[in-house]
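The values are calculated or read from the model by the stated rules, or taken from the named source; none is laboratory data. Treat the numbers as computed from the prediction; the structure is a model and nothing was measured. With ideal geometry, Cβ positions are generated from the backbone for all residues, glycine too; neighbour counts draw on all protein chains shown. Accessible surface areas use protein heavy atoms only, side chains included; no ligands, DNA or RNA. Shrake-Rupley method; radii C 1.70, N 1.55, O 1.52, S 1.80 Å.
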Amino acid sequence: MQTITRIGMDTAKNVFQLHGVDENEGVVLRRQFRRREMIAFFEKLPPALVAIEACGSSHHWARMLQSFGHEVRLLPPQYVKAYVKRGKNDAADAEALCEAVTRPSMRFVPVKSREQQAACMLMTVRERLVSVKSQLSNAIRSYAAEFGIVGPAGRQNVNALIERILDDETLPDLARDLFRFQAKEYAAVEARLEEIEDKLMVWHRADDLSRRIATIPGVGPIGSTMLSMKAPPAESFRSGRQFAAWLGLTPKDHSTGGRVRLGGITKAGDPSIRSTLIVGATALLRHIRKGRTKASPWLEALLIRKPPKLVAVALANKFARIAWRLMMSGGVYNRPPAMVAV
């Protein structure tokens, strides 16, 4: 077999498709491997460039192949799709990966360490528990409304509503048993969520970057932890605007023929980071409307001209650009006098 210089690897649970070329771009490898066969193949193979589509298990394979001496690059799936010639199968995907990795303008996903993946797992476990808690509270409210028991909105009022339901002796015995069952489940989820958030705060306090980003008003420990855990290195972006564009906080561009047409935000990048920044911006605007915080002249003018939701997205965009600057400079955010709490 001729020397393989570049390989495109389409991953799966047990079957892996490889497409390799030599220094003359001739195809010298097109084969399927089982899991153990693939590991043994790369252990014996001389160092080569390996392209893998970024996915849940790609970071594990990237670390393993790097330990064998290979150079590994992870490619976003949406950037590889353009190089699939026709049809959709593993061989075509591996060939597209092998070609896409050579493009000068191609963007790559940094390989995460095991510690980084564990930190991201902490955040996703919290998101799942928050989702379960919301589902349970909505179910309890809807069931209670069927019996004419209605409580004030807000997650802080759910426990009070549960107490009212359990104290209502007019409810049928079966309904009270089911409400009691859901109340125990809700309390268990709350306890688990509190435990996970304690671990998250420990991680936040131990991470210097997360603490510095949290000094931005409206970001908070959750948003700063997400940016520290999930965002690529700041050096990957030329400017704060490019970082905001990676998060999907910049408008879509539909310009043609010299006519500029800008639409809604692209919603690219990590949706959890983007939504957290927008929620934080919305909370800051609520404090401004209640008079707890004074807005900057830029924000006051924007609130006069634009609807509140659009202002929240613009403010989240500003958060992202400030966070990028803090990542690059190593400093903390200095609040202007206009942003100091009243």
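Give me the number: length gained by fully extending Asp208 to Lys294, i.e. 0.36 nm times residue separation minus the C-alpha to C-alpha distance, one decimal in nm.
28.1 nm
Which value, in Å² and to the nearest 10, is the accessible area of Arg259 when all protein chains are kept and the probe is 1.4 Å?
About 150 Å², rounded to the nearest 10.
Accessible area per residue of the chain at 1.4 Å probe, in Å²?
Accessible surface, normalised per residue, equals 57 Å².
(i) 39; (ii) 43; (iii) 57: which one is percent of Cα pairs over 29 Å apart as calculated from this entry?
Evaluating percent of Cα pairs over 29 Å apart on these atoms matches (iii).
Heavy atoms of the protein only, probe of 1.4 Å, neighbouring chains included. What is the accessible area of His254 in Å², nearest 10?
Approximately 110 Å² of His254 is accessible to the 1.4 Å probe.
In whole Hz, what ³J(HN,Hα) sequence does the range 55-70 give by Karplus (6.51, -1.76, 1.60; θ = phi - 60°), x for Gly and Pro?
Each residue of the range 55-70 in turn: 7, x, 9, 5, 5, 5, 5, 5, 5, 5, 5, 5, 5, 7, x, 8 Hz.
Charges on Cβ only, +1 for Lys and Arg, -1 for Asp and Glu, centred on the Cα centroid of the range 29-73; of Val72, Ala40, Ala62, which one is farthest towards the dipole's positive end?
Farthest towards the positive end: Ala40.
So between Lys44 and Lys252, what do we pick up on full extension, going 0.36 nm a residue minus the alpha carbon distance?
Working it through step by step, the gained length comes to 70.2 nm.
What is the distance, in nm, between label points placed 7 Å from the Cα along the Cα-to-Cβ direction at Asn89 and at Met106?
In this crude spin-label approximation the distance works out to 2.3 nm.
Where the accessible area of the range 183-294 is counted over protein heavy atoms with a 1.4 Å probe, how much of it, in %, is carbon and sulfur?
C and S atoms contribute 52 percent here.
So if we plug the beta-carbon distance of Ser67 and Arg238 into 1/(1 + (r/R0)^6) with R0 = 35 Å, what FRET efficiency do we get, rounded to 0.05?
0.65
How many percent of the accessible area of the range 41-154 is carbon or sulfur, using a 1.4 Å probe?
Carbon plus sulfur share of accessible area: 54 percent.
Heavy atoms of the protein only, probe of 1.4 Å, neighbouring chains included. What is the accessible area of Asp167 in Å², nearest 10?
Asp167 has an accessible surface of roughly 120 Å² with all protein chains in place.
Hey, which of these cross-link pairs are over 27 Å Cα-Cα: Lys112/Lys252; Lys290/Lys318; Lys252/Lys309; Lys81/Lys230; Lys230/Lys309?
As for pairs spanning more than 27 Å Cα to Cα, those are Lys112/Lys252.
Counting only C-alpha contacts under 8 Å and six or more residues apart, can you give the relative contact order of the chain as a whole percent?
11
Whose amide H sits under 5 Å from the amide H of Val109, counting only residues 5 or more places off or on another chain, with H placed in the peptide plane?
Leu74, Leu75
For the range 128-262, what relative contact order do you get, as a whole percent, if you take Cα pairs closer than 8 Å and at least 6 residues apart?
This gives 15 percent for the range 128-262.
Per residue of the chain, what 222 nm ellipticity follows from adding -39500 (n - 2.57) for every DSSP H run with n ≥ 4, rounded to the nearest 500?
-17500 deg cm²/dmol
For the chain, set up a Gaussian network in which alpha carbons nearer than 10 Å are linked by springs, and say which option among Ala245, Ala48, Ala144 fluctuates the most.
Ala144
Relative to the longest principal Cα axis of the chain, at what angle does helix 308-329 sit, 0 to 90 degrees, rounded to 10?
Long axis of 308-329 versus the principal axis of the chain: about 50 degrees.
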